[in-house]
1. For A:Arg77, A:Arg35, write out the residues from largest to smallest accessible area, computed with a 1.4 angstrom probe and no ligands counted.
2. In whole Å, how far is the Cα centre of segment B:21-72 from that of segment A:37-109?
3. Given H placed 1.01 Å from N in the peptide plane, which residues other than close sequence neighbours of B:Thr15 have an amide H under 5 Å from its amide H?
4. How much of the pair distance distribution for the protein assembly as shown lies past 24 Å, counting alpha-carbon pairs only, in percent?
5. To one decimal in nm, how far is A:Ala32 from the same spot in the other copies, if labels go 7 Å from Cα toward Cβ? Please give the shortest first.
6. Could you tell me what a quarter of the Cα convex hull surface of chain A works out to, in nm² with one decimal place?
7. Compute the distribution of all C-alpha to C-alpha distances in segment B:51-109, in bins of 10 Å from 0, and list the percent of pairs in each, rounded to whole numbers.
Number of protein chains: 2
Amino acid sequence: MKSGTVAVIFVSKRTAVDPEGYMKAAEEMGKAAARFPGYCGIHSARGADGVGITVSYWSSDEAARAWKADAAHSAIREQGRATWYEWYELIVAQVTRDYRWKREELGSE
Amino acid sequence: MKSGTVAVIFVSKRTAVDPEGYMKAAEEMGKAAARFPGYCGIHSARGADGVGITVSYWSSDEAARAWKADAAHSAIREQGRATWYEWYELIVAQVTRDYRWKREELGSE
């Protein structure tokens with residue numbers, strides 16, 4: 001992730017309500033974000049306790065704010081508050097560095 | 001989360017190996033991090049696909065680097081590479097702002 005990239009850390013707790021509607025909306029939002037100008041990638045995980053973290057990465061703060069203001073995204077956010085989330089927290093941060101590590105393939109033994 | 005707080009975003013994919021050892025180590029590391037100078041909090045989630053995200057928050061970049069260099073933490077990292085992880089990615093970012101939302105309790109109906 002390039003230094004200066006904006007990371008939007010979205011931490012949320014799901015209600016038990018409407019899992020199908022939520023999954024469908026999450027998939028649609030993921031696709032819409034990926035088409036949105038300035039999108040640099042996404043990481044997402046949700047555990048059995050209903051707590052999930054999605055980090056989306058944006059080329060600039062302006063891009064992150066534009067995605068926040070997007071009409072379809074805003075409509076889904078309202079639905080999220082009405083139905084899908086117990087609580088959420090959103091933390092915006094600017095990337096300074098990153099590291100990657102990957103297991104080496106040793107072939108079959 | 002105060003502006004200037006350092007967020008360390010750790011994204012990892014677990015192997016299927018040694019779940020008990022991993023759980024024990026993860027719990028110990030969580031406790032050790034919480035005792036470490038400059039610790040400001042943690043968010044964590046891991047899904048059924050083995051992909052997890054842990055975001056730890058630190059008062060400064062120096063605090064985040066000191067935790068990285070901690071001996072017990074470094075030993076666990078080696079064990080993680082040898083045994084528990086397929087891959088991981090670590091992104092360091094500086095918090096600029098945050099928002100919170102929580103469902104209002106309406107009482108029982």
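The values are calculated or read from the model by the stated rules, or taken from the named source; none is laboratory data. Owing to the predicted nature of the structure, the values given are computational and were not obtained by experimental measurement. Cβ atoms come from the backbone with ideal geometry, glycine included; neighbour counts cover every protein chain shown. Surface accessibility is based on the protein's heavy atoms, side chains included, excluding ligands, DNA and RNA. Shrake-Rupley method; radii C 1.70, N 1.55, O 1.52, S 1.80 Å.
1. Accessible-area ranking of A:Arg77, A:Arg35, largest first: A:Arg35, A:Arg77.
2. First find each Cα centre; the distance between them is then 19 Å.
3. For B:Thr15, whose amide H was placed from the backbone, the distant partners under 5 Å are B:Tyr85, B:Glu86.
4. Beyond 24 Å sits 46 percent of the P(r) for the protein assembly as shown.
5. Here the equivalent label points are 4.3 nm apart from this one.
6. 9.0
7. 15, 36, 23, 15, 10, 1
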